Every structure is written in C-alpha cells, then in structure tokens.
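Just so it is clear, none of the values below were taken in a lab; they were calculated from the coordinates. The model shown is predicted, which means the values in this text are computed figures rather than measured ones. Here the Cβ positions follow ideal geometry from the backbone for every residue, glycine too, while neighbour counts run over all protein chains shown.
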Amino acid sequence: MIGFIQKTFIFLLALFFPWIVFLMNDNPGGAFVALALQATVIGWPFATIWALRTHYPPPKKEKS
C-alpha cells in the first residue's frame with residue numbers, strides 16, 4: 001500500500017511541479033529546463049513526461 005501511495009504522490013508531483021522531481025533526483029539543470037517548459041503551457045506535458053521517465057526509467061531488456 002505504501003508503494004502505491006508513493007507512486008501516486010510522485011505522479012501528482014510530476015504532473016503539477018515537474019521541476020521538483022528533478023531537484024529530488026539531484027538534477028538542478030533539468031529542474032531549470034523543466035521550470036522553463038512549465039512556464040510555457042505548451043511545454044508542461046513534455047516536462048511532466050520527462051520527469052516521470054527520469055524518476056521511473058523503463059526496464060532494460062536483457063540481451064540473449
């Protein structure tokens with residue numbers, strides 16, 4: 001249950017304040033770019049997706 005709440009909190013944080021997610025991951029440069037994207041309403045969804053992909057990277061496929 002805690003994992004679900006934590007993932008939901010991170011999702012909501014990335015949705016409304018993507019730059020905070022970058023600061024949590026110790027990436028101030030990314031936070032500045034995400035804040036600039038968030039300032040333009042058109043860039044806001046891209047900043048959200050970028051923050052989520054940075055916090056939860058896709059699993060790597062194993063080579064066989």
Can you tell me which residues in region 44-64 are over 13 Å from the mean Cα position of the chain (by Cα) and surrounded by 12 or more Cβ atoms within 10 Å (Cβ to Cβ)? none
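From K63, K7, grab the single residue that is without any contact (Cβ under 8 Å) to a residue 60 or more places away in the chain and part of a loop (DSSP other than H, G, I, E, B).
Values: K7 fails: part of a loop (DSSP other than H, G, I, E, B).
Criteria check complete, one pass: K63.
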Return the only residue of P57, P45 being of a type outside the set (A, V, I, L, M) and part of a loop (DSSP other than H, G, I, E, B). P57
In region 20-43, the residues that are under 19 Å from F9 (Cβ atoms) and of a type in the set (A, V, I, L, M, F, W, C): I20, V21, F22, L23, M24, A31, A34
Considering every residue within region 23-43, establish whether at least one is surrounded by 10 or more Cβ atoms within 10 Å (Cβ to Cβ), within 11 Å of the chain's Cα centre (by Cα) and aromatic (F, W, Y). no
